[in-house]
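The structure appears right after this line, and notes come after that.
The values are calculated or read from the model by the stated rules, or taken from the named source; none is laboratory data. Every value quoted in this text rests on a predicted model; they were computed, and no experiment measured them. Cβ placement follows ideal geometry from the backbone for every residue including glycine, while neighbour counts extend to all protein chains displayed. Heavy atoms of the whole protein, side chains included, go into the accessibility calculation; ligands, DNA and RNA do not. Shrake-Rupley method; radii C 1.70, N 1.55, O 1.52, S 1.80 Å.
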There are 2 protein chains.
Amino acid sequence: MYPTSSANQARPFLTWQRISDWAQEHYRCRTFVKDERIPSRPGLLYLVQRGAVRLTGSAQLGVNVSTDEEESPSTPLMAQDEEAFLGFVGPGQPFEIIAQSPFSLQSFAHVDQTAVIWLYWHDLDNWPHFRREVLEAFRHQHQRKLLWLSTLGQRRTIDRLIGFLTLLIEEFGETSPEGYYLPFPLTHAQIGSAIGSTRVTVTRLMGKLRQQGILATHGDGLICLPGHSDLPLSKEA
Amino acid sequence: MYPTSSANQARPFLTWQRISDWAQEHYRCRTFVKDERIPSRPGLLYLVQRGAVRLTGSAQLGVNVSTDEEESPSTPLMAQDEEAFLGFVGPGQPFEIIAQSPFSLQSFAHVDQTAVIWLYWHDLDNWPHFRREVLEAFRHQHQRKLLWLSTLGQRRTIDRLIGFLTLLIEEFGETSPEGYYLPFPLTHAQIGSAIGSTRVTVTRLMGKLRQQGILATHGDGLICLPGHSDLPLSKEA
């Protein structure tokens, strides 16, 4: 059972069409172009209707710690605008933006024609079944994040890189003759921001993985896991 | 509003006492000693009744990538038993263990006298309100994990360390005259496993943070964030 995405996408929420119609009628739907920021407020619930949303987070701890590690101790040592890639939200999936200083979460349309619906939680009072589906979706997303954290705990950057890419492709990948590929681009800087590394290191390690046939490229630079039997991840349950 | 834990702990699930009684009657409750593994199966739901549970995950990708990075290329390069600390689950909180090869999640009693209840999801059919509370708890845990991922995306180990400790203490911390402290021990190896670093590096960096007054020690080696006004994290919402 690999990847899981097509199954997920084929099972939209049962009341999806009604929500979609309701959103249209109440002007609660908007379409975004690639990389456009999706204005979002804490306390609201967002649903991806079409396309893909990219979540990012940044931490601004405001603590200056002198360290001789990676930068000169005379510069302000917290990167103020380090933005971490936190994952995608695909069609039919909910997301929400929480505000908790000093962390700042943001959402962007990852591809053109990304459409997003927004609701208040109390809008769901009329659709208790749908609310439960939304909560079940967050439960599922939480499970995925635990796997993600499992791979990010690995010490070696290359292990984190392989684990991260495999999890992403497992969740969002599509099939091709060469294997499973991520259907939208992801920059090396974005990958680095997710795994605590740099664009330069990611570029170097991905070159290495390509040389060894662990990664491939599909079409116009899309990341692909070759589809032979000993895939890094194969789903059990 | 800092830290949040006391508020959470003061608001147990509304039907908590009934669930607790039911678990007792049906032999669905067990008490564990510190660091004892909690046997757990996918598909079951677990509730922490008392104490604290530690979740860990390991990734065994089974891919040997030759790299000149951190180890000699002649050794098997995936650490086979690298176990990442994925967080705590406190009293009144649910958790579940998902099985997805090659990731393996496990749960341990983090302190003595940790009591855990287990249920099948369909056991909750009689308590729909409680099921919703459980799902809301997972939604909340998911939000915390997004913040956690935000801090792990930071490139510098010391930034990840501060962010990680602050998030943990914010969620589970207790107050003392010196500030907010984590009420149970956490080893440097466990911290390293969460932030993609090593015990040695964590020890070195924590020494540095102590010297600079950013961290302190409470009682018998418990990690403490001094409680002056410019805490690294101060909650907004």
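Here are some notes:
- Beta carbons closer than 6 Å, at least 6 apart along the sequence or on distinct chains, pair a first residue in the stretch A:109-121 that is outside any strand (DSSP E or B) with a second that is modelled with pLDDT under 95 and surrounded by fewer than 19 Cβ atoms within 10 Å (Cβ to Cβ) for A:HIS110/A:PHE184; A:VAL111/A:PHE184.
- First in the stretch A:28-41 and outside the structural domain of A:THR56 (by TED's automatic domain parsing), second anywhere and modelled with pLDDT of 95 or more, Cβ under 9 Å, 6 or more apart: none
- Per-region count, the stretch B:207-228, residues out of contact with any helix residue (DSSP H, G or I) (no Cβ under 9 Å at 6 or more places or on another chain) and facing another protein chain (nearest Cβ under 8 Å): 1
- When the stretch B:182-195 is filtered for residues that are touching a residue at least 40 places away in the same chain (Cβ under 8 Å) and open to solvent by less than 10 Å² (accessible area, probe 1.4 Å), the ones remaining, listed by number, are B:LEU182, B:ILE191, B:ALA194, B:ILE195.
- Selection status of A:GLY179, in contact (Cβ under 8 Å) with a residue 40 or more places away in the chain and open to solvent by less than 10 Å² (accessible area, probe 1.4 Å): yes
- Of all residues in the stretch B:23-49 being charged (D, E, K, R), assigned to a loop (DSSP other than H, G, I, E, B) and over 16 Å from the mean Cα position of the chain (by Cα), the one that is surrounded by the most Cβ atoms within 10 Å (Cβ to Cβ): B:ARG28
- Every test in (1) at the interface with chain A (Cβ under 7 Å from one of its Cβ atoms); (2) at pLDDT 90 or above; (3) in contact with a helix residue (DSSP H, G or I) (Cβ under 8 Å, 6 or more places away or on another chain) is passed by B:GLN154 save one, and that test is (2).
- Qualifying residue in the stretch A:88-106 (condition: polar (S, T, N, Q), over 17 Å from the mean Cα position of the chain (by Cα) and either modelled with pLDDT of 95 or more or in the same structural domain as A:TRP22 (by TED's automatic domain parsing) (or both)): yes
- Filter result (free of Cβ contacts under 8 Å to residues at least 40 places away in the same chain and either within 7 Å of chain A (Cβ to nearest Cβ) or touching a Gly at 6+ places or on another chain (Cβ under 9 Å) (or both)) within the stretch B:137-150: B:ARG139, B:HIS142, B:GLN143, B:LEU146, B:LEU147, B:LEU149, B:SER150
- Qualifying residue in the stretch B:49-58 (condition: in contact with a strand residue (DSSP E or B) (Cβ under 7 Å, 6 or more places away or on another chain), at pLDDT 90 or above, on the phi > 0 side of the Ramachandran plot and small (Gly, Ala, Ser)): yes
- B:ASP125 vs. criteria away from chain A (no Cβ under 11 Å) and either modelled with pLDDT of 90 or more or farther than 30 Å from B:ILE223 by Cβ (or both): yes
- Evaluating B:GLN141 against the criteria (1) open to solvent by 20 Å² or more (accessible area, probe 1.4 Å); (2) closer than 18 Å to B:THR56 by Cα; (3) modelled with pLDDT under 95 leaves one unmet condition, (3).
- Residue match in the stretch B:165-175 (condition: within 11 Å of chain A (Cβ to nearest Cβ), under 15 Å from the mean Cα position of the chain (by Cα) and under 16 Å from A:LEU105 (Cα atoms)): yes
- The number of residues in the stretch A:164-180 being in contact with a His (Cβ under 9 Å, 6 or more places away or on another chain) and either among the polar types (S, T, N, Q) or at pLDDT 95 or above (or both) comes to 1.
- Residue match in the stretch A:199-206 (condition: in contact with a strand residue (DSSP E or B) (Cβ under 9 Å, 6 or more places away or on another chain), within 14 Å of another protein chain (Cβ to nearest Cβ) and open to solvent by 30 Å² or more (accessible area, probe 1.4 Å)): no
- Of the residues examined, B:TRP148 is not one that is among the aromatic types (Phe, Trp, Tyr), under 28 Å from B:PHE85 (Cβ atoms) and assigned by TED's automatic domain parsing to the domain that holds B:GLY87.
- Residues that are basic (Lys, Arg), touching a residue at least 12 places away in the same chain (Cβ under 8 Å), closer than 30 Å to A:GLN190 by Cβ and surrounded by fewer than 23 Cβ atoms within 10 Å (Cβ to Cβ) do not occur anywhere in the stretch B:158-173.
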